[in-house]
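**Student:** If you scroll down you'll find the structure; I have some questions about it.
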Amino acid sequence: GGFNPLVYQRYHSTNELTALVPYDPAKEAFNKGLAAYGTYCLACHQPTGGGNPPLIPPLVGAEWVMESDPARIIRIVLGGLQGPIEVKGQTYNSAMPPWGPSMTDEQIAHVLTYVRQAWGNTASAVPVEQVAKIREETASRATPWTAPELLQVPLGQ
């Protein structure tokens, strides 16, 4: 069976379809972030971003995820996190591995853009340049971050 031409319009190549959809770099970063989230984050933070209480905190509506400056969460992904952290009024106490050695600056920017814009989160995209700058600033760090250390990070600079 053929298709009814009133319902189905045949395209001869994907280029024809691509020409119909305007290029959106923000959407591309979000989609690449979704793929990276599936590789690096999904097992612990779950497909819904709800975490795994009482060990793994949620990313949905989390205070540090939604901050206007993503400097703290960039550091968490780059260097890891250990010890107690309070998220949405609940304390979580586990460890997150450092992903900096495994991920490029672009992958980190994309995954954090995804986390900041998925599940109803409405924060801005994370610039690759900011990830690169923080990676360079923290390159000598050998231990995971703690919440008290991250609270000392000045935002908006």
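The values are calculated or read from the model by the stated rules, or taken from the named source; none is laboratory data. Note that this is a predicted model, so its numbers are computed, not measured. Here the Cβ is made from the backbone with ideal geometry for all residues, glycine too, and neighbour counts use every protein chain on show. Ligands, DNA and RNA are excluded from the accessible area calculation, which covers all protein heavy atoms including side chains. Shrake-Rupley method; radii C 1.70, N 1.55, O 1.52, S 1.80 Å.
**Student:** Any idea which residue in segment 20-63 is farthest from the chain's Cα centre (by Cα), counting only those that are loosely packed, with under 14 Cβ neighbours inside 10 Å, in contact (Cβ under 8 Å) with a residue 24 or more places away in the chain and in a loop (DSSP other than H, G, I, E, B)?
**Tutor:** Applying the filter and picking the extreme gives Pro54.
**Student:** Taking only segment 79-103 into account, find how many residues are in contact (Cβ under 8 Å) with a residue 40 or more places away in the chain and touching a Cys at 6+ places or on another chain (Cβ under 9 Å).
**Tutor:** Total satisfying the criteria: 2.
**Student:** For segment 137-157, does any single residue satisfy the condition of being farther than 14 Å from Phe30 by Cβ, open to solvent by less than 30 Å² (accessible area, probe 1.4 Å) and under 15 Å from the mean Cα position of the chain (by Cα)?
**Tutor:** Taking every residue of segment 137-157 in turn, none turns out to be farther than 14 Å from Phe30 by Cβ, open to solvent by less than 30 Å² (accessible area, probe 1.4 Å) and under 15 Å from the mean Cα position of the chain (by Cα).
**Student:** So which helices (runs of 4 or more DSSP H) stay within segment 99-157 end to end and still have 1 or more residues that are small (Gly, Ala, Ser) and within 17 Å of Leu42 (Cα to Cα)? Explain how you work it out, then say what you get.
**Tutor:** Working: elements: 105-117, 128-137, 147-151.
So the answer is 105-117.
**Student:** Let me ask another. Only one of these conditions is not met by Ser94: (1) open to solvent by less than 20 Å² (accessible area, probe 1.4 Å); (2) at pLDDT below 95. Which number is it?
**Tutor:** Condition not satisfied by Ser94: (1).
**Student:** Against the condition part of a strand (DSSP E or B) and more than 14 Å from the chain's Cα centre (by Cα), how does Ile85 come out, does it pass? First the steps, then the outcome.
**Tutor:** On the way: part of a strand (DSSP E or B): yes; more than 14 Å from the chain's Cα centre (by Cα): yes.
In short, yes.
**Student:** Could I ask something else about it? Could you please let me know if Ile73 is open to solvent by less than 20 Å² (accessible area, probe 1.4 Å) and more than 19 Å from Tyr37 (Cβ to Cβ)?
**Tutor:** On the way: open to solvent by less than 20 Å² (accessible area, probe 1.4 Å): yes; more than 19 Å from Tyr37 (Cβ to Cβ): no.
Here the answer is no, as Ile73 does not meet what is asked.
**Student:** Something else: Find the residue count for segment 64-77, including only residues that are of a type in the set (A, V, I, L, M, F, W, C) and in contact (Cβ under 8 Å) with a residue 60 or more places away in the chain.
**Tutor:** Residues of segment 64-77 that are of a type in the set (A, V, I, L, M, F, W, C), as a first pass: 64-66, 71, 73-74, 76-77.
Then drop every residue that is not in contact (Cβ under 8 Å) with a residue 60 or more places away in the chain, which leaves 64, 71, 74, 76.
Matching residues across segment 64-77 total 4.
Quick grid of which residues meet (1) within 17 Å of Leu112 (Cα to Cα); (2) at pLDDT 95 or above:
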| residue | (1), (2) |
| --- | --- |
| Asn15 | no, no |
| Ala19 | no, no |
| Tyr23 | no, no |
| Lys32 | yes, no |
| Pro53 | no, no |
| Pro58 | yes, yes |
| Met66 | yes, yes |
| Asp69 | yes, yes |
| Gly79 | yes, yes |
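Table: residues versus (1) among the charged types (D, E, K, R); (2) out of contact with any helix residue (DSSP H, G or I) (no Cβ under 9 Å at 6 or more places or on another chain); (3) open to solvent by 20 Å² or more (accessible area, probe 1.4 Å); (4) within 17 Å of Leu34 (Cβ to Cβ).
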| site | (1), (2), (3), (4) |
| --- | --- |
| Gly80 | no, yes, no, no |
| Pro84 | no, no, yes, no |
| Gln107 | no, no, yes, yes |
| Thr122 | no, no, yes, yes |
